[in-house]
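Colleague: If you scroll down you'll find the structure; I have some questions about it.
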């Protein structure tokens, strides 16, 4: 259990009290909310829209934000807070995000619970956990991950190279692209079983072949998303009570 030094109250009592309040959000000091139709909203990244729709069998309202926000975590935080504030109905907001370069830090709702997968990003989310991601990283650290959603909504290095051809000469565009992937050895296409990968394998292969990387498919899972919408919020989730603020410390195991 985390402890807050007494001196922290003397130096900054408001900050220390907020920290204690946040501690209670995932230590179970209040009764956790139940999931009822009409009381739940989902806010998620558009790159996992297929996976979210697959698990959202009860038809909770969904709001998807554009993937490009990840490039600017402060802007991601601003848009997420805006979406949270605009969710007028219900008592629970399920977030289809992880820590995402601290883009969720500082989020709060005065009257709704925020439920967030306790992972670093969507890669960990779709591999099943932070532990699963670290196992993949340990085995193949130089891996660039792709999914259907990232191919459709994101910009992988090959797509960025094609855009750069409009701005730079071919030699410079190629140099920029290869610099981005100079420490990579593999492209991994994650199969979450939420859709058919036909049509996306060829795009992943195109990128891998262009950069001279090995292409592999790896098994993903939507179990964390299943648990998110089912209310099975164990150790892999933050359960943030109304009025509390999401902190980086909450993501530490």
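Colleague: On a 0 to 90° scale, report how tilted helix 13-25 is relative to the longest principal axis of the chain, with both axes built from alpha carbons and the result rounded to the nearest 10.
Modeller: With rounding to tens, the tilt is 80 degrees.
Colleague: For the stretch 129-219, I need the span (max minus min coordinate) of the C-alpha atoms along each principal axis, in Å, sorted largest to smallest.
Modeller: That works out to 41, 28, 19 Å along the principal axes.
Colleague: Hey, can you rank 36-49, 152-165 by average C-beta count inside 10 Å, highest first? Let's see the in-between values first.
Modeller: Values: 36-49: 19.8, 152-165: 16.4.
Taking the mean over residues of other Cβ atoms within 10 Å, the ranking is 36-49, 152-165.
Colleague: Given N residues in the chain, what is Rg(Cα) / (2.2 N^0.38 Å)?
Modeller: Working: Rg = 19.9 Å, N = 253, 2.2 N^0.38 = 18.0 Å.
Dividing the Cα radius of gyration by 2.2 N^0.38 Å gives 1.10.
Each value in this text was obtained by applying a stated rule to the coordinates, not by laboratory testing. Fair warning: this is a prediction, and the values are worked out from it, not measured in the lab. Don't worry about glycine lacking a Cβ; one is built from the backbone with ideal geometry, like all the others, and counts go over all protein chains shown.
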